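As structure tokens, the structure follows; a few thoughts come after it.
The values are calculated or read from the model by the stated rules, or taken from the named source; none is laboratory data. Note that the structure is predicted; figures quoted are calculated from it, not measured. Because the Cβ atoms are built from the backbone with ideal geometry, glycine has one as well, and the counts that use them run over all protein chains shown. Accessible surface areas use protein heavy atoms only, side chains included; no ligands, DNA or RNA. Shrake-Rupley method; radii C 1.70, N 1.55, O 1.52, S 1.80 Å.
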Amino acid sequence: MPMPPLSRAPLSGSAAFFAVEYDPADAVLWLLDQRLLPGEERYVPHRTVDEAAHAIRAMVVRGAPAIGITAAYALAQRAALETGPAASFLMAMGISGRGLDATRPTAVNLGWAIARMARKAADVAALDPGARARAMLAEAEAVHREDVAACRAMGALGAADVPEGATVMTHCNAGALATGGYGTALGVIRAAHAAGKIRRVLACETRPYLQGARLTSFELSRDGIPVEVVTDSMAGWFMARGEVQFVVVGADRVAANGDVANKIGTYGLAVLAHAHGVPFTVAAPWSTVDLRCPDGRSIPIEERSRDEVATLGGVTLVADGIPCRHPAFDVTPARLVGALYTERGALRPAEGEGPAAFLARTRRAP
Ligand code: MRU
């Protein structure tokens, strides 16, 4: 199915595909069902908070910024239905926000977007229902637009560090499919490719959910960026052969000290990069920074179902009854993170500059 006809230009900025868009003309939240990629491109309309929450939990939409944007639009959609007084409007926003927040625990962008919408709801609760709904939608659109702008800013910063003619390795999918558009790690790769610096991208397949094999290869090849898929187990070998000059990944939560939670397998890649002297870098918007987490030990790690490990495409890999472990994310310590590219600037966690130290140095508001 091609992209649905929207009543306005997509905020993602892409004419090829998007993860999430809202059409204000008919109050529909459109999500690309990423579970079906790359075999089928199916855009699914979502009309309620429950539908959006299910889509996040089931990974129809995934990637830290994209699930935050989805929640913001779902709350705007819900706000438009609420015609009662301020108290019932705020109660509806609170219940809906808690339902959305309970879907996935690790990516802080989800809770960040819900908290931002809650603040807006408190500001506008006393307005008439029409004005209140318009303000909530404008806030959700701002969350979306700002994310795309942040991706472009961190992309330009990261691209400056990519060596000429580099083979760049990435993990999971931190691209347009995982964000409002353009991507974080893939934003760095897109910007470096536009500058003529990229020889090729090695996309780690990312067991067990295969975001690298299914999604990163899909979106890079759509953009004409040379990409090869490798199994996660091949990463060290390619580094040992000198075939990788730069690693860039995304993040689901960055602690105050610069520890980074990202898709399971990221930590192993960082250790390998360190052992082989390959720069290991992370790209993430400031909405992924969680100053309430002093370090990675306080980041909640999602445990997903056994079946995502024990089966692949409906084929059983592990006999019934044998337990499997499935932490969906891991934490890479700050000392292994050479650079963290954000829309506020490049931080150097391995040199002791995590987000808290960066804020202290630049005297920026949290
Ligand atoms: O489980 P997922 O697919 O939602 O995990 C996504 C990742 O780990 C991404 O690397 C991260 O969210 C950054 S997306 C810009």
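Quick check: anything in the stretch 309-321 part of a loop (DSSP other than H, G, I, E, B), away from the ligand (no atom under 16 Å from the Cβ), more than 30 Å from Val148 (Cβ to Cβ) and of a type in the set (D, E, K, R)? Yes; the residues of the stretch 309-321 include at least one that is part of a loop (DSSP other than H, G, I, E, B), away from the ligand (no atom under 16 Å from the Cβ), more than 30 Å from Val148 (Cβ to Cβ) and of a type in the set (D, E, K, R).
Among the listed residues Ala71, Ala115, Ala64, Ala92, which satisfies the condition of being open to solvent by less than 20 Å² (accessible area, probe 1.4 Å) and more than 16 Å from the ligand (Cβ to nearest atom)? Outline the logic, then answer.
Values: Ala71 fails: more than 16 Å from the ligand (Cβ to nearest atom); Ala115 fails: open to solvent by less than 20 Å² (accessible area, probe 1.4 Å); Ala64 fails: more than 16 Å from the ligand (Cβ to nearest atom).
Criteria check complete, one pass: Ala92.
Taking the stretch 37-52 as the range and being open to solvent by 70 Å² or more (accessible area, probe 1.4 Å) and small (Gly, Ala, Ser) as the test, only Gly39 passes.
Which of the residues that make up the stretch 97-106 are open to solvent by 10 Å² or more (accessible area, probe 1.4 Å) and touching an Asp or Glu at 6+ places or on another chain (Cβ under 9 Å)? Within the stretch 97-106, Gly99, Arg104, Pro105 qualify.
Can we say Arg145 is over 30 Å from Val260 (Cβ atoms), part of a helix (DSSP H, G or I) and charged (D, E, K, R)? Don't jump to the end; show me each part of the working.
Details: over 30 Å from Val260 (Cβ atoms): no; part of a helix (DSSP H, G or I): yes; charged (D, E, K, R): yes.
Here the answer is no, as Arg145 does not meet what is asked.
Would a scan of the stretch 226-243 turn up a residue that is open to solvent by less than 30 Å² (accessible area, probe 1.4 Å), in a strand (DSSP E or B), closer than 16 Å to Ile189 by Cβ and touching a Gly at 6+ places or on another chain (Cβ under 7 Å)? Looking for residues that are open to solvent by less than 30 Å² (accessible area, probe 1.4 Å), in a strand (DSSP E or B), closer than 16 Å to Ile189 by Cβ and touching a Gly at 6+ places or on another chain (Cβ under 7 Å), one finds none in the stretch 226-243, hence no. In the stretch 84-107 there is at least one residue that is under 21 Å from the mean Cα position of the chain (by Cα), farther than 14 Å from Ala53 by Cα and either modelled with pLDDT of 95 or more or of a type in the set (A, V, I, L, M) (or both). Is there a residue in the stretch 295-305 that is of a type in the set (Lys, Arg), out of contact with any Asp or Glu (no Cβ under 9 Å at 6 or more places or on another chain) and open to solvent by less than 50 Å² (accessible area, probe 1.4 Å)? Yes, the conditions are met somewhere in the stretch 295-305.
Give the residue, chosen from Ala346, Ala328, that is closer than 28 Å to Ala176 by Cα and open to solvent by 20 Å² or more (accessible area, probe 1.4 Å).
Exactly one residue qualifies, and that residue is Ala346.
Is it fair to say Val28 is free of Cβ contacts under 8 Å to residues at least 40 places away in the same chain and of a type in the set (Val, Ile, Thr)? For Val28, the condition - free of Cβ contacts under 8 Å to residues at least 40 places away in the same chain and of a type in the set (Val, Ile, Thr) - is met.
In the set (1) within 16 Å of the ligand (Cβ to nearest atom); (2) touching a helix residue (DSSP H, G or I) at 6+ places or on another chain (Cβ under 7 Å); (3) over 16 Å from Glu21 (Cα atoms), Ala102 fails one condition alone, (2). Only residues that are away from the ligand (no atom under 11 Å from the Cβ) and part of a helix (DSSP H, G or I) were counted in the stretch 153-167, giving 8. Here Ala270 does not qualify as away from the ligand (no atom under 16 Å from the Cβ) and modelled with pLDDT of 95 or more.
Name the residues in the stretch 1-31 that are of a type in the set (Gly, Ala, Ser) and closer than 25 Å to Thr216 by Cβ, would you?
Residues of the stretch 1-31 that are of a type in the set (Gly, Ala, Ser), as a first pass: 7, 9, 12-16, 19, 25, 27.
The answer is Ser12, Gly13, Ser14, Ala15, Ala16, Ala19.
Taking the criterion of being open to solvent by 40 Å² or more (accessible area, probe 1.4 Å), of a type outside the set (Phe, Trp, Tyr) and away from the ligand (no atom under 16 Å from the Cβ), would at least one residue in the stretch 277-289 satisfy it? Let's see the steps before the verdict.
First pass over the stretch 277-289, keeping only residues open to solvent by 40 Å² or more (accessible area, probe 1.4 Å): 277, 279.
Filter once more, keeping what is of a type outside the set (Phe, Trp, Tyr): 277, 279.
Filter once more, keeping what is away from the ligand (no atom under 16 Å from the Cβ): 277, 279.
The answer is yes, given that some residue of the stretch 277-289 is open to solvent by 40 Å² or more (accessible area, probe 1.4 Å), of a type outside the set (Phe, Trp, Tyr) and away from the ligand (no atom under 16 Å from the Cβ).
Residue-by-condition table, conditions (1) open to solvent by 10 Å² or more (accessible area, probe 1.4 Å); (2) under 21 Å from the mean Cα position of the chain (by Cα); (3) within 16 Å of the ligand (Cβ to nearest atom); (4) small (Gly, Ala, Ser):
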{"site": "Gly13", "(1), (2), (3), (4)": "yes, yes, yes, yes"}
{"site": "Ala19", "(1), (2), (3), (4)": "no, yes, yes, yes"}
{"site": "Leu31", "(1), (2), (3), (4)": "no, yes, yes, no"}
{"site": "Arg35", "(1), (2), (3), (4)": "yes, yes, yes, no"}
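Of all residue pairs spaced 6 or more apart or on separate chains, those with beta-carbon atoms under 8 Å, a first member in the stretch 54-77 that is farther than 18 Å from Thr206 by Cβ and a second member that is assigned to a helix (DSSP H, G or I) and among the aromatic types (Phe, Trp, Tyr) are Gly68/Trp112. Note on the stretch 168-201: residues that are touching a Ser or Thr at 6+ places or on another chain (Cβ under 6 Å) and away from the ligand (no atom under 15 Å from the Cβ) amount to 2.
The selection criterion, being small (Gly, Ala, Ser), over 30 Å from Val260 (Cα atoms) and away from the ligand (no atom under 15 Å from the Cβ), holds for Ala86.
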